[in-house]
Amino acid sequence: IFPLWAVSPRKLGGLSFSTDDVGVVLAISGAGLFTFQTFVYPRVERLLGPVIVGRISAALTIPVLQSYPLIAMLSGISLSILLNCASALKNVFSISIVTGLFVLQNNAVDQDQRGAANGISMTGMSLFKAFGPAMGGVLFSWAQKRQDASFLPGLGKWVEFWGVRDGLELAQELGVTNLD
């Protein structure tokens, strides 16, 4: 949903980015994600374990997602820097959670059952990766049409609501009981 939000006009709560600008943000996030996944995650996972890494990532995802509407108020170089940092952090936290869950899943089954377990989890993940953006696009489009509605107006509220809700649900699933 990030590219849809980024190319939307500012009057609708977006950033008025061109597709080239969105591509640059995604490329920078991808490079940061590759670097993190290759060099940093293995050391952090060995030090803290996959559960603690997932809990910390889930807790830190909440403020990052809540910062997006505030980042949209910026312009110029400060917008570019903070948006790239927030996008990279969001992706790093997400991949930390997913990788930790894969590690836990692989450790939970016997060696001869890992192929079946990975196949089932990949199938489920693929289905949700296809369904999630489609539903996000529907919600985004609906929110854009309802900027002045009395019930659930605008995109900013949706982005904030869904980001907080998803972060809290994930934290609850991972067993985070105290986010202080």
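The values are calculated or read from the model by the stated rules, or taken from the named source; none is laboratory data. Here the structure is a predicted model, which is why all the values come from computation and not from measurement. Here the Cβ positions follow ideal geometry from the backbone for every residue, glycine too, while neighbour counts run over all protein chains shown. Note: accessible area is taken over every heavy atom of the protein model, side chains too, but ligands, DNA and RNA are not part of it. Shrake-Rupley method; radii C 1.70, N 1.55, O 1.52, S 1.80 Å.
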If the chain between residue 141 and residue 106 were fully stretched, how many nm would it gain, using 0.36 nm times the residue separation less the Cα-Cα distance? 8.7 nm
What list of ³J(HN,Hα) values in whole Hz, one per residue of region 84-94 in order, does the Karplus curve 6.51 cos²θ - 1.76 cosθ + 1.60 (θ = phi - 60°) give from phi, with Gly and Pro shown as x? 5, 5, 5, 5, 5, 5, 4, 5, 5, 5, 4
If amide H atoms are modeled at 1.01 Å from N in the peptide plane, then the residues at a separation of 5 or more from residue 74, or on another chain, having amide H under 5 Å from its own are none
Derived scalar couplings ³J(HN,Hα) [region 118-134; Karplus, 6.51 cos²θ - 1.76 cosθ + 1.60; whole Hz; x for Gly, Pro]: 5, x, 5, 5, 5, 4, x, 5, 5, 4, 6, 5, 7, 6, x, x, 4
With contacts defined as alpha carbon pairs under 8 Å and 6 or more residues apart, what's the relative contact order of region 15-108 in percent? 45 percent
When the accessible area of region 59-150 is split by element with a 1.4 Å probe, what percent falls to carbon and sulfur? 69 percent
Modelling each spin label as a point 7 Å along the Cα-to-Cβ direction, I'd like the residue 66/residue 24 distance in nm, to one decimal. 3.0 nm
Can you run phi through the Karplus equation (6.51, -1.76, 1.60; θ = phi - 60°) for region 34-51 and list ³J(HN,Hα) in whole Hz, with x for Gly and Pro? 4, 4, 4, 5, 7, 10, 9, 4, x, 5, 5, 5, 5, 6, 9, x, x, 5
How many percent of Cα pairs in region 30-121 exceed 15 Å? 65 percent
If I ignore ligands, DNA and RNA and count only protein heavy atoms, how much of residue 71 is accessible to a 1.4 Å probe, in Å² to the nearest 10? 10 Å²
